[in-house]
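Student: Shown below is the structure under consideration.
Bear in mind these aren't lab numbers, they're just calculated from the coordinates by the rules spelled out. Just so it is clear, the model here is predicted, and its values are computed rather than measured. Reconstructed Cβ throughout: ideal geometry from the backbone, glycine too, with neighbour counts over all protein chains shown.
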Amino acid sequence: MDFFRCTDEKHVLQRCNNDGIVSQSFEQQFAVEESVASLYRQFSEELSNQAELTPAGKADQIPILKRSSHVAFLNKGLSVLCDAYECLDASRPWICYWILHSLDLLNERVSDTTASNIVKFLMKCQHPDGGFGGGPDQIAHLAPTYAAVNALCIIGTEEAYRAIDRERLYKFLKRLKTPEGSYQMHDLGEVDIRGVYCAAAVAHLTNIYTEELFDCCAEWVVGCQTYEGGYGGIPGMEAHGGYTFCGFAALVLLGKEHLADAKALLVTTCIEWMVNCRFQVYLWCRDGLQTDR
C-alpha cells in the first residue's frame, strides 16, 4: 500500500516538528496538516476496500477518479453556489476560471448557452478604465483580470474574445507599471511579484505584449530570488512557494529565465527550503489516475 507517498507509514515523519515551541502559527500549521492527514487516511481506506473487492485481494494501486461526479459538481457551480461562497464575492472571475479550467482538464465543454452567460457576466466585471474587478462594479485588479482573461480564453468563442477591451486593458497594465519594473495589483495598491506574472500572462494571452510594458521587469523579479533559492513577494522578503511559481513563470513569459539562479532554485538550497518549510506533507499523489468513464 506504500506505492503512494501518502499511504507510506513514514509519511507522518514528514509532518511539522515545532521542537517544543508553542505558537499560534504552529497551532494553525498542525490544524492544516491534520485536515490533510484525514484525507490521506480516507484515501488509504478506499484503497484497502478496493483491494478487498479484487479477486486476488490486491488493489491495482491506482485510485479511480470519479469523473462524472466531478463534472456534475463543477457544472452546478456555474449556476448555483451555497452561501458559504459569500466570502468570495470579490473573486467571482476566479470561480469561473477554476471551474472552466477543471472542466477543460476533464475534456468537458460547457453548453453554448452557459458559455455565453459566463461571457456576459465577465463583461459586467470589466472596468470602464480597463481590466477586470472581482465582481460587477468593483475596482479593476490584476488578479481577477488574470482569472477573467483565462476564463474567456478557455471558452474560446468569438464572443469571448471580443469581450476583452484590449486597448483599455493595455492602458490599465501601463498604469499599474512602476518605474523599477514591478506592478501594482490595482490603482494605488500593493506591489508584489504576482503583479508581474499576472500582467505578463494577460499580455501574452491578449497579444498586447510590448517591451514598454515590461521594461526592467525581469531584473526586478530576479531581485526577488533569495539565498534560500526561492522567490519572495518583493526584494528582501523571505521565499514562498506561491511567489516562487509567479517569479520563475514570469521570467519564462518574459523570455528571461536564464537570469534566474537555476542551481539554487532546482538543485540545492530550494530543495532544502521546501523540506524545511514542511511542504512534503502537502504533496499529493501525482501518479496516473483511472477514471470512472
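Student: In the stretch 185-229, which chymotrypsin sites (Phe, Trp or Tyr not before Pro) fall in coil by DSSP and have 15 or fewer other Cβ atoms within 10 Å?
Tutor: Within the stretch 185-229, the qualifying chymotrypsin sites (Phe, Trp or Tyr not before Pro) (loop, at most 15 other Cβ atoms within 10 Å) are TYR227.
Student: Within a Cβ distance under 14 Å of GLU167, other residues only, what is the Lys/Arg minus Asp/Glu net charge?
Tutor: Surrounding charge for GLU167 is +4.
Student: Please compute the net charge surrounding MET185, taking Lys and Arg as +1 and Asp and Glu as -1 over other residues with Cβ under 13 Å from its Cβ.
Tutor: That works out to 0.
Student: Next up: Can you check what the Kirkwood hydrodynamic radius comes to for the stretch 117-184, Cα pairs only, in Å to one decimal?
Tutor: 12.0 Å
Student: Simple spin-label model, 7 Å along Cα-to-Cβ: TYR161 to LEU106 in nm?
Tutor: Distance between label points: 2.8 nm.
Student: Please give the peptides 152-161, 243-252, 102-111 ranked by average Cβ packing (other Cβ atoms within 10 Å per residue), highest first, as a rough proxy for protection.
Tutor: 243-252, 152-161, 102-111
Student: Further, regarding this structure: Once you have the Cα-Cα distance between GLU219 and VAL252, take 0.36 nm times their residue separation minus that, and quote the gain in nm to one decimal.
Tutor: My answer for the length gained is 10.6 nm.
Student: Moving on to the next point. Would you mind computing, in nm to one decimal, how far apart the modelled labels at ASN207 and ILE139 are, each placed 7 Å from Cα along Cα→Cβ?
Tutor: 3.3 nm
Student: Now, a different point. Could you go through the stretch 142-148 in sequence order and give the Karplus-derived ³J(HN,Hα) for each residue, using 6.51 cos²θ - 1.76 cosθ + 1.60 with θ = phi - 60°, rounded to whole Hz, and x for Gly and Pro?
Tutor: Taking θ as phi minus 60°, the curve returns 4, 5, x, 5, 4, 5, 5 Hz for the stretch 142-148.
Student: Measuring from a point 7 Å past the Cα of VAL80 along Cα-to-C-beta, which residues in the stretch 91-108 have an amide N at less than 20 Å?
Tutor: Within reach of a label on VAL80: 95-96, 99-100.
Student: So what's the Cα pair-distance distribution over the stretch 84-222, bin width 5 Å, in %?
Tutor: So the P(r) values, bin by bin, are 2, 11, 21, 23, 19, 13, 8, 3, 1.
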